[in-house]
1. Could you order the peptides 167-179, 48-60 from most to least packed, using the average number of other C-beta atoms within 10 Å per residue?
2. Relative contact order, percent, of segment 230-335 when contacts are C-alpha pairs under 8 Å separated by at least 6 residues?
3. Between Asp207 and Arg194, what is the label-point separation in nm under the 7 Å Cα-to-beta-carbon projection?
4. State whether segment 5-54 is rounded, prolate or oblate according to the following rule on the C-alpha gyration tensor (a ≥ b ≥ c being the square roots of its eigenvalues): a/c under 1.5 gives rounded; otherwise a/b larger than b/c gives prolate, and the remaining case gives oblate.
5. Give or take rounding to whole Å, what are the principal axis extents of the alpha carbon atoms in segment 95-200, in descending order?
6. What nm distance separates the two modelled labels at Val4 and Lys21, each placed 7 Å from Cα along Cα→Cβ?
7. Looking only at Lys140, Lys98, Lys21, which one moves most when the chain is put into a Gaussian network model with springs between Cα atoms under 10 Å?
8. Helix-derived [θ] at 222 nm for the chain: sum -39500 (n - 2.57) over DSSP H runs of at least 4, divide by residue count, nearest 500?
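A short reminder: the numbers here are calculations on the coordinates, not readings from a lab. Everything numeric here is computed off the predicted structure, so don't read it as measured data. Counting neighbours? That spans all protein chains shown, and the Cβs are built from the backbone with ideal geometry, glycine included.
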Amino acid sequence: MRGVNYSFVETAEAAVAQFSKTGSSARYIAGGTNIYDLMKLGIEHPAHLIDISRIEGLDTIETSGDVLRFGSRALMADVAYDPVVREQYPVLAESLLKAASQQLRNMATVGGNLLQRTRCMYFRNGAGSSSMVGVYPCNKRKPGSGCAAIDGLDRTQAVLGTSDACTAVAPGDWPVALMALDAVIEILGPKGTRNVPVADFYRLPKDTPHIEFNLEPGELVTAITVPKSSVGRASTYHKIRDRESYAFALVSAAVAVEMSGESIHSARIALGGVATTPWRASAAERVVSGMVLTPELALEAGHAAFAGARTGRQNAFKTELGARVVADALMIAAQRRA
């Protein structure tokens, strides 16, 4: 049993000040659906939890301005069922509704979901674990210890963005949809506020897989903004998993298209379940841009999305499955054009 200090704060500024006072062993907590799990597994060992769940204004959902703005403490369920989000940005709503269970969506926040850590079995039972099975080397948990997945069970591991140090998949659905719509993350820290494009928020593992997010110590995600665009209506989040519900993606695709007649003026495609970060498939976007969309062209784009994939012994199926998921998502999105 480990002791932990716990405090509530009333403002975001007070949260940052409390973190600065406490030090790097502190962690912010809102819904708690991820941090408590990591604490039980012995992955996180915070000495102080700073509860931000009482901060007014962090749970707002704003859809009337030039951008969609979601406070970091807004619940996944509330965002998913917002009428504007559901009707005009189905890719966002679907990414939330296809994640976790309804009970978790009623507690988990959209800001916390950005920071969700991998479900890699070796990470969850890896080096430094206090459990009986915690004997596997994991560079995310103990830098320099190795990666058991590279020569081990790799069916659910990444095929894009991997390194010789880590192949763990980024688990989130919501960040993939945000990647497709060029979202921006608002951050408050000891040095003030800054805005970070979601594409720059996540770090490739390279040789430092334990550093996953471009956040400085004490920085707090306060909001997520998404540029308003007509491209949002012609969009979808298509997810394939081992079970129909309550399961993480084997492959997913967030797709939004802007149509000009029967042709695609532009496309935005992001991938989940196959990469070490939410993955923008720029090569696939180029294949369909300016073209009349057909099932054959959509599949060509899907294959382009996985060019350069680095497969292991058991996850090579993800490249063909992923290509077909992208193709299906493109066709679904195109059918939704206004």
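1. Values: 167-179: 26.5, 48-60: 17.6.
Ranking, from highest mean packing down: 167-179, 48-60.
2. Details: 214 pairs, mean separation 29.6, N = 106.
Rounded, it is 28 percent for segment 230-335.
3. About 2.4 nm separates the two model spin labels.
4. Judged from the Cα gyration tensor, segment 5-54 comes out oblate (a/c at least 1.5, b/c at or above a/b).
5. Here the spans come out as 38, 36, 28 Å, largest first.
6. For the pair Val4/Lys21, the computed spacing is 2.0 nm.
7. The residue with the greatest mean-square fluctuation here is Lys21.
8. Details: 13 runs with 97 residues, N = 338.
Calculated mean residue ellipticity at 222 nm is -7500 deg cm²/dmol.
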